[in-house]
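One structure below.
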Ligand code: SF4
């Protein structure tokens, strides 16, 4: 497995950092609202970007770029992820790792290896509605919960985020998520945008008014909650 997509310059993926973003092909979920359907559904057809080419680019831009965002697909499925992240960190970059949280043992391994990472983990829905929201029953809710508790309890720099869909989410779901993720550092409620790149179509975004209701629910247990994509 290698990286298959590359957005060389982004100002949106990691706070105010000037970031380059790497996309891995392949994922163990099938979220209908996923914006990277080609990487998720057809990973074997995705292009391969040589790691040496990426490293060379990064070596030449240490004075220009601040950070690297590693996303997917699901990056924790990449067998040599820790080596690649170590290569990036050795160049002095900040690193943000996006994950769906399905492999807590990999998150634990990376942190235990001393990699200083910002993690961004998707929270797809309340536990009882996870399967319908990720498009598969082939997953472990225990693993998802373990990933969240690992990040929160060990104070690993993290954010959680939910892409809200009118057909999937309601107030009760966010009450349950708020109880589950009590003590989390940051949480973002993200606006869904339908596009030709989504796995499924016909879903609807949540209005800003409704997103603000969800924000208020989460704010009772999470210190920093904000909307993303609603400006
Ligand atoms: S949204 Fe994320 S977790 Fe869901 S299918 Fe796409 S890459 Fe996988």
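Points worth noting:
- Criterion violated by residue 84 - all others in (1) within 28 Å of residue 139 (Cα to Cα); (2) in contact with a helix residue (DSSP H, G or I) (Cβ under 6 Å, 6 or more places away or on another chain) satisfied: (2)
- Of the criteria (1) more than 14 Å from the ligand (Cβ to nearest atom); (2) in a loop (DSSP other than H, G, I, E, B), which one residue 152 fails: (2)
- Filtering the stretch 66-87 to residues that are more than 16 Å from the ligand (Cβ to nearest atom) and surrounded by fewer than 21 Cβ atoms within 10 Å (Cβ to Cβ) leaves 66, 67, 79, 80, 82, 83, 86, 87.
- Unique residue being in a strand (DSSP E or B) and in contact (Cβ under 8 Å) with a residue 12 or more places away in the chain when the list is 119, 76: 119
- Screening 110, 65, 85 for residues that are in a loop (DSSP other than H, G, I, E, B), more than 30 Å from residue 200 (Cβ to Cβ) and touching a strand residue (DSSP E or B) at 6+ places or on another chain (Cβ under 8 Å) leaves exactly one candidate, 65.
- Counted residues, the stretch 32-48 - those being outside any loop (DSSP other than H, G, I, E, B) and under 21 Å from the mean Cα position of the chain (by Cα): 6
- If you go through the stretch 132-142 and keep only what is crowded, with 16+ Cβ neighbours inside 10 Å and either in a helix (DSSP H, G or I) or more than 14 Å from the ligand (Cβ to nearest atom) (or both), you end up with 133, 134.
- Test: residue in the stretch 35-42 that is crowded, with 16+ Cβ neighbours inside 10 Å and away from the ligand (no atom under 16 Å from the Cβ): no
- Checklist (1) within 16 Å of the ligand (Cβ to nearest atom); (2) assigned to a helix (DSSP H, G or I); (3) touching a strand residue (DSSP E or B) at 6+ places or on another chain (Cβ under 6 Å) applied to residue 190, failing item: (2)
- Checked across the stretch 20-31, the condition of being more than 15 Å from residue 117 (Cα to Cα), outside any strand (DSSP E or B), away from the ligand (no atom under 16 Å from the Cβ) and in contact with a strand residue (DSSP E or B) (Cβ under 9 Å, 6 or more places away or on another chain) holds for no residue.
- Of note, residue 195 does not satisfy the criterion of being exposed (fewer than 13 other Cβ atoms within 10 Å of the Cβ) and closer than 13 Å to residue 222 by Cα.
- For the stretch 173-181, the count of residues that are buried (at least 20 other Cβ atoms within 10 Å of the Cβ), part of a loop (DSSP other than H, G, I, E, B) and either more than 16 Å from the chain's Cα centre (by Cα) or modelled with pLDDT of 95 or more (or both) is nonzero.
- The stretch 88-107, residues that are out of contact with any helix residue (DSSP H, G or I) (no Cβ under 9 Å at 6 or more places or on another chain), part of a helix (DSSP H, G or I) and either within 16 Å of the ligand (Cβ to nearest atom) or in contact (Cβ under 8 Å) with a residue 24 or more places away in the chain (or both): 89
The values are calculated or read from the model by the stated rules, or taken from the named source; none is laboratory data. This one's a predicted model, so the numbers in the text were calculated from it and none came from an experiment. Every residue, glycine as well, gets a Cβ built from its backbone with ideal geometry; the counts of neighbours run over all protein chains shown.
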